[in-house]
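Reading through the structure tokens given below for one structure.
What follows draws every value from the coordinates through simple rules; no lab data is involved. All values reported here derive from a predicted model rather than from experimental measurement. Glycine also receives a Cβ, built like all others from the backbone with ideal geometry; neighbour counts cover every protein chain displayed.
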Amino acid sequence: MIHPLRKRHRRMTLAIAIIVPVLFVAGLLSRQTVPATENAAAFQSNLSHEFSNELFSDKTLWGELDIRTRVLSTGQDSVRLALELTPHTPLKIADVLVYWHSGNNGDGKTLPGGAFLLGTLSGLHQRLFPLPEPAVQSDGVVMLYSLAHRKVITSVDLKTNSLLAGGLQ
């Protein structure tokens, strides 16, 4: 009786040795790609001295999320813009990425093509995100995207062109 059990055990071990690596490789190949853009802004930590002019500040822009939002600009002839986000309560959303897109955000659930990745937002850390060059010429949308849930959590219109013209304050 022991010999038949050994044969069965040997076959099962051989089958597992073949099946497990095949399933592992299949799992790796079926993973979805991380949404990113070609023009992702590099993380820069000490930019606050460059962006000295406050164009806009609001604590209620994100609705139920307690995030203070400021739009800052450089005081030089070549205008550059930055978005400063400061959460006052910890975000209860996993893996939050901040995106900017000119125009509207499409269906509001998925990232539109051509959205600029600004960076990550987590904890209670104040983050300063340099906005891309098109933000100076056109209004856009800032989106909070959960990488874990693979959907846009919320988005707000950011009227940067109007702010530069002095229309909103």
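Please list, or write none, the lysines whose alpha carbon is within less than 25 Å of the alpha carbon of Lys59, excluding same-chain residues fewer than 8 places away.
Straight-line reach from Lys59, under 25 Å: Lys92, Lys109, Lys151, Lys159.
Ordered by residue, what ³J(HN,Hα) values in Hz, to whole numbers, does region 135-145 give under the Karplus form 6.51 cos²θ - 1.76 cosθ + 1.60, where θ = phi - 60° and Gly and Pro are x?
5, 6, 8, 9, 6, x, 10, 9, 10, 9, 10
Separation between the Arg150 and Lys59 pseudo-spin-labels, each 7 Å from Cα along Cα→Cβ, expressed in nm?
3.8
Taking only Cα atoms of region 83-152, what ratio of Rg to Rh do you get with Rh as the Kirkwood inverse-distance radius?
My calculation puts Rg/Rh at 0.96.
Output ³J(HN,Hα) for region 19-30: one whole-Hz value per residue in order, computed from phi by the Karplus curve 6.51 cos²θ - 1.76 cosθ + 1.60 with θ = phi - 60°, and x for Gly and Pro.
Using θ = phi - 60°, the values come out as 6, 4, x, 5, 5, 5, 5, 4, x, 5, 6, 8 Hz.
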